[in-house]
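The values are calculated or read from the model by the stated rules, or taken from the named source; none is laboratory data. A quick note: this is a predicted structure, and the numbers were derived from the prediction, not measured. Glycine gets a Cβ as well: all are built from the backbone with ideal geometry, and neighbour counts include every protein chain shown. For the accessible areas, the whole protein counts, side chains as well, though only heavy atoms, and no ligand, DNA or RNA atoms are used. Shrake-Rupley method; radii C 1.70, N 1.55, O 1.52, S 1.80 Å.
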Amino acid sequence: MKSPVVRAPAPVPYGLPHSSKVTLDKLARLGITRGFDLVLHLPLRYDDETHVYPIAEAPAGQHVVVEGRVVECDVKYRPRRQLVCHMEDGSGVLTLRFLHFYPSQAKQLAPGARVRVFGEIRQGFFGAEVVHPRYKVVPENAPVPKSLTPVYPTTAGLGQDALRRLIQQALADCDLSDTLAPDVLAPLRLPLFRESVRFLHNPPPEVAQADLQARRHPAWRRIKFDELLAQQLSMRLHYRKRKAAGALALKPSRTLTHRLVASLPFALTAAQQRVYGEVQRDLAQRFPMQRLLQGDVGSGKTIVAALAALQAVENGAQVGIMAPTEILAEQHYRKFAAWLEPLGVRVTWIAGGLRKREKIAALEAIAGGGTQVAVGTHALFQDEVRFENLALAIVDEQHRFGVHQRLALRMKGTRSGKGAQPHQLMMSATPIPRTLAMSYYADLDVSVIDEMPPGRTPVATRLVSAARRDEVIQRVRDACVEGSQAYWVCPLIEESEVSKTGGGREKLQLETALDTYATVQAAFPELNVGLVHGRLKSAEKAEVMDAFKAGAIQLLVATTVIEVGVDVPNATLMVIEHAERMGLSQLHQLRGRVGRGAAASACILLYQGPLTETARERLKIIYENTDGFVVAREDLRVRGPGEMLGARQSGVPLLRFADLEADVDLLDAARDMADALLRDDPHAAQGHLARWLGGRNELLKV
Ligand code: ADP
Ligand code: MG
């Protein structure tokens with residue numbers, strides 16, 4: 001489908017300079033497929049070759065240029081074969097040492113030759129020397145470069161000189177004119193695009209290298225702004241494209257939703273009402289909703305999802321609800337069944353572990369329209385699952401799913417098949433910091449539940465060294481004896497450690513869990529201890545979880561399979577082993593499993609010392625903050641956006657230059673500019689996208 005703005009296919013005026021197949025392959029390895037990619041292949045750093053130092057004054061430990069005449073040049077055989085050349089410039093003598101050399105080099109560097117040498121000079125045993133320098137035989141008074149020499153990221157077999165030549169060629173060939181009109185650009189106080197790229201590839205020697213290195217220089221800011229603008233434009237177009245697609249308008253009749261609300265043992269919080277209002281409005285539109293429902297763990301997202309589902313059912317349509325783990329999906333199934341079946345709505349469970357007969361029955365109910373709500377794991381989007389009339393897809397813990405999985409569910413559109421797409425409600429307890437929401441998630445609408453149901457007591461977090469494990473065991477026993485329940489969570493082990501021990505990551509985690517299970521069982525003969533991990537069959541898992549929910553098990557040893565969504569209000573204590581190895585958001589999620597009832601709750605983070613500085617900093621963050629937003633922002637700062645984005649990465653143009661935290665002012669400006677351009681000058685918007693995304697517009701079809 002054509003987007004409303006980009007009418008003509010984008011021109012491709014930026015070919016690569018003519019090169020051999022071998023070179024093209026190497027460039028491709030660097031992600032360079034167009035001339036313009038060369039223009040945007042910006043230096044890692046610069047060498048200053050604009051100034052020739054007297055040998056005696058050349059600063060140590062720094063790339064410098066010296067020049068002089070060769071006085072002696074010989075192949076030496078001790079301590080190993082090497083070419084040793086002495087040159088002098090009147091101020092001193094410098095030794096050039098080549099451990100690998102061609103015979104021709106000995107000729108070039110014959111006594112009397114005038115050479116210019118580039119490299120790092122060290123004070124060796126025999127005076128100043130430089131190993132394997134770059135050098136050039138030069139005439140008297142040869143000119144020095146007027147700008148700093150860029151050093152580019154490169155790949156094996158593609159030297160700096162070759163890359164520099166290609167880039168200079170591209171700078172000369174490519175159209176570098178501004179995609180932004182002067183009056184649009186003026187208020188930003190940023191240099192022209194052409195000036196900016198030329199500057200960054202060939203900066204004058206007097207520029208403060210620190211500004212270039214930190215990417216603070218106005219030329220850098222212009223590049224980053226353009227990149228952010230391209231991202232904003234593509235997200236905006238994607239958003240418009242969605243608005244142009246059709247969906248079933250699900251008008252709220254409020255017959256079922258009102259009855260569900262009336263049947264609940266609690267009143268919705270103001271935040272739940274507000275976000276349901278937003279969802280309700282979206283569902284009634286004729287284009288597909290794509291809304292992210294965000295709320296900290298325990299904020300009550302599930303009931304909002306149930307209300308949305310009922311609104312679809314009120315319209316005679318079907319709903320698919322997908323969760324990333326079987327435990328969580330099953331919990332949803334039970335909750336939805338308990339809430340909706342009394343209203344006469346049929347809820348069907350579909351997961352990999354179903355027996356054949358049950359599965360066939362489930363598939364038939366979904367395909368024939370006998371069931372209105374299907375709940376399951378990723379089994380829900382497999383080919384054999386066909387909906388009669390799917391109008392709403394709900395995805396819990398959306399960041400756990402890949403783009404393709406979510407897409408597959410969406411593609412199970414309505415029976416009419418006339419391009420109508422289901423509405424999508426995605427839920428996540430991992431809050432997206434503002435900058436990410438504005439950039440990578442700019443094509444989604446976001447609703448936030450920013451209020452906890454009443455009567456919760458905040459979870460007290462304690463950091464305890466693993467050396468004090470005995471005290472912790474005592475504390476767990478006390479809590480359980482007093483009638484509370486507890487989780488004992490074993491860590492996810494880092495891949496790097498796994499490779500050392502040769503096992504699978506899951507296996508190691510399992511072993512830790514099994515060990516812990518044995519230990520606590522021995523320590524607590526009077527308690528019922530349960531064990532749950534990813535290798536159990538789903539029926540076994542469900543059995544343990546049921547026993548825990550019912551209070552028959554007081555202490556549950558678990559791998560991180562319980563990370564998401566599990567809801568047992570009587571559990572008030574959680575011990576997390578090796579907390580120093582876990583991600584902050586993961587710790588926050590885990591911690592959210594306790595503190596779900598009125599009783600005071602605690603989370604004990606056991607750590608194995610000695611802690612690295614970063615580990616200490618991270619644990620401090622989780623210790624000091626109970627707000628998931630703060631935790632997520634800090635997590636973003638420490639780890640960068642890659643991890644948080646998870647699967648979303650593959651669908652959205654990634655940022656190479658801009659840094660969301662440091663460049664938030666540019667992000668704001670780019671967002672405003674994207675709106676203005678699409679409104680006032682779609683042609684410029686198109687040109688800008690063509691320049692930055694080139695043929696990669698297919699990235700936008702998420
Ligand atoms: P999450 O947002 O983490 O998915 P849930 O939807 O599982 O949270 O809700 C957590 C718990 O809070 C559940 O036991 C749910 O029944 C309960 N709950 C939800 N909304 C309210 C409310 N408004 N008042 C009291 N309890 C609520
Ligand atoms: Mg949940």
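Got the relative contact order for segment 184-274 handy, in percent, Cα pairs under 8 Å and 6 or more residues apart?
After rounding, I find 25 percent.
Greater than 31 Å separation of Cα atoms is the criterion. Which listed pairs, Lys26/Lys241; Lys21/Lys107; Lys335/Lys359; Lys541/Lys620; Lys21/Lys136, meet it?
The answer is Lys26/Lys241; Lys21/Lys107; Lys541/Lys620.
Quick check: pseudo-label points 7 Å beyond the Cα along Cα→Cβ at Arg357 and Tyr53, how many nm apart are they?
8.6 nm
Suppose the chain between Gln82 and Asp161 were pulled fully straight at 0.36 nm per residue; how much longer would it get relative to their current alpha carbon spacing?
The span from Gln82 to Asp161 would gain 26.0 nm if fully extended.
In the chain, what percent of the accessible surface is made up of carbon and sulfur (1.4 Å probe, ligands and nucleic acids excluded)?
The value for the chain is 52 percent carbon and sulfur by accessible area.
Heavy-atom accessible area of Asp672 with all protein chains present, probe 1.4 Å, nearest 10 Å²?
The accessible area comes out at roughly 100 Å².
Could you give the length gained on full extension between Val22 and Arg456, defined as 0.36 nm per residue of separation minus the Cα-Cα distance, in nm?
Here the answer is 149.8 nm.
Using only the alpha-carbon atoms, how far is helix 664-680 inclined from the longest principal axis of the chain? Give it as 0 to 90 degrees, nearest 10.
With rounding to tens, the tilt is 80 degrees.
Answer with one residue from Gly298, Ala547, Leu27: the one whose Cα lies farthest towards the positive end of the charge dipole of the chain, charges on Cβ with Lys, Arg +1 and Asp, Glu -1.
Sorting the options by dipole projection puts first Leu27.
What distance in nm separates the two pseudo spin-label positions at Gln382 and Glu540, each 7 Å out from Cα along the beta-carbon direction?
Going from the Gln382 label point to the Glu540 one covers 2.1 nm.
Just the number, please: percent antiparallel of the DSSP beta bridges in the chain, rounded to the nearest 5.
35 percent
Before anything else, pin down the relative contact order of segment 566-618: Cα pairs under 8 Å, at least 6 apart, normalised by residue count, whole percent.
48 percent
Note down the accessible area of Asp515, probe 1.4 Å, to the nearest 10 Å².
100 Å²
How big is the dipole moment of segment 300-377 about its Cα centre under a simple scheme where the beta carbon of each Lys and Arg is +1, that of each Asp and Glu is -1, and everything else is neutral? Debye, nearest 20, please.
180 debye
Let me spell out the model: positive unit charges on the Cβ of Lys and Arg, negative unit charges on the Cβ of Asp and Glu, origin at the Cα centre of the chain. What dipole size does that give, in debye rounded to 20?
Dipole size: approximately 1800 debye.
Can you list residues from other chains, or at least 5 along the same chain, whose modelled amide H is less than 5 Å from the amide H of Asp47?
So Asp47 has HN proximity to Thr149, Val151.
Order Lys224, Lys136, most accessible first, counting only protein heavy atoms with a 1.4 angstrom probe.
Lys136, Lys224
Given N residues in segment 31-181, what is Rg(Cα) / (2.2 N^0.38 Å)?
After normalising by residue count via 2.2 N^0.38 Å, the value is 1.24.
Would you mind getting me the FRET efficiency between Ala110 and Glu613? Use the beta-carbon distance for r and R0 = 56 Å, nearest 0.05.
It comes out at approximately 0.55.
Only Lys, Arg, Asp and Glu count, each charged at its Cβ (+1, +1, -1, -1), so figure out the dipole size of segment 251-299 about its Cα centre, rounded to 20 debye.
That gives segment 251-299 a dipole magnitude of about 280 debye.
Suppose all protein chains stay in the model; what accessible area per residue would a 1.4 Å probe give for segment 212-343, in Å²?
Normalised by residue count, the accessible surface of segment 212-343 is 33 Å².
Give me the angle, in degrees from 0 to 90, between the Cα long axis of helix 628-639 and the longest principal axis of the Cα atoms of the chain, rounded to the nearest 10.
On a 0 to 90 degree scale, this one is about 30.
Applying a 10 Å radius around every beta-carbon, put 346-353, 484-491, 116-123 in order of their mean neighbour count, most first.
Those peptides, ordered most packed to least, come out 484-491, 346-353, 116-123.
Using 0.36 nm per residue, how much length does the chain from Ala547 to Arg434 gain when fully extended, once their Cα-Cα distance is taken away?
36.6 nm
So what does Ile360 come to for accessible area, using a 1.4 Å probe and Å² rounded to 10?
Looks like 80 Å² after rounding.
If you find the alpha carbon centre of segment 662-683 and of segment 575-617, how far apart are they in angstrom?
What the calculation gives is 40 Å, centre to centre.
Using the alpha-carbon centroid of each, what span in Å lies between segment 516-542 and segment 20-97?
64 Å
Counting each DSSP H run of 4 or more residues in the chain as -39500 (n - 2.57), what helix-only mean residue ellipticity at 222 nm follows after dividing by all residues, to the nearest 500 deg cm²/dmol?
Helix contribution divided over all residues of the chain: -12000 deg cm²/dmol.
Please list, in chain and number order, the residues 5+ apart from Ile553 or on another chain whose amide H is under 5 Å from its amide H, with Hs placed from the backbone.
Amide H neighbours of Ile553: Phe548.
Roughly how tilted is helix 160-173, in degrees to the nearest 10 and between 0 and 90, from the longest Cα axis of the chain?
Once rounded, one gets 80 degrees.
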